[in-house]
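The values are calculated or read from the model by the stated rules, or taken from the named source; none is laboratory data. Everything numeric in this text was worked out from a predicted model, so none of it was measured. Don't worry about glycine lacking a Cβ; one is built from the backbone with ideal geometry, like all the others, and counts go over all protein chains shown. Ligands, DNA and RNA are excluded from the accessible area calculation, which covers all protein heavy atoms including side chains. Shrake-Rupley method; radii C 1.70, N 1.55, O 1.52, S 1.80 Å.
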Amino acid sequence: MAFCVSHDINLKLILVSGKTKEFLFNPSTSAAEIAHNVFDNWPDDWGSCPVDKGEVLRLIYHGRFLHGNVTLGALNLPVGRTTVMHLVPREHLPEPASQDDPKQKKSGSRNCCSCTCCSIV
C-alpha cells in the first residue's frame, strides 16, 4: 500500500480581521513570494484586497516581521504540518531593535490581533 507524503509546508494565514486561509508552499519559497502568491490568489471569502500590490503584504511569524528573502525552510518549519502566520499590509518593515536601546525595552507584550497564538514583544 502506497501513501502520499507531502514535502510542502501548510501555511495558515490570519488577517487582522481574524479571517484565515490555508496555503501549501515549498520550503524554498520566500516570504516575498508568498505575499505575491496570496495577493495574486486573494481568497474571495476575505473580501476585497486592502492593498494595490503584493509588495505591501508582510508575514509575521512568532511576533516578528519576516524579510522578503527569508524562506520557509530557513525557519525550520515542519514539512507536512500546519504553521500559523499573520498577514498584514505594511509599506515598510520596522527597523531592527537594538539590544542597547532603552526605548525598545518594554515590560510585558501585546498581541498583534485578537488571537492568542502570538505576541509582539
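Evaluate the distance, in nm, between pseudo-label points positioned 7 Å from the Cα of K19 and of H7 along their respective Cα→Cβ axes.
3.4 nm
What's the magnitude of the charge dipole for the stretch 1-85 around its Cα centre, counting Lys and Arg as +1 and Asp and Glu as -1 at the beta-carbon? Answer in Debye, nearest 20.
320 debye
Grab the other residues whose beta carbon is less than 14 angstrom from that of D40, score K and R as +1, D and E as -1, and report the net.
So the environment of D40 carries a net charge of -2.
I need the chymotrypsin sites (Phe, Trp or Tyr not before Pro) found in the stretch 1-61, filtered to DSSP loop residues with at most 16 other beta carbons within 10 Å of theirs.
For chymotrypsin sites (Phe, Trp or Tyr not before Pro) across the stretch 1-61 that sit outside H, G, I, E and B with at most 16 neighbouring Cβ atoms in 10 Å, the list reads F3.
Whenever you get a sec, compute what percent of the accessible area on the stretch 6-60 sits on carbon and sulfur atoms (1.4 Å probe).
Percent of accessible area from carbon and sulfur atoms in the stretch 6-60: 45.
In Å², and per residue, what accessible area does the stretch 17-90 have when probed at 1.4 Å with the other protein chains present?
On a per-residue basis, 55 Å².
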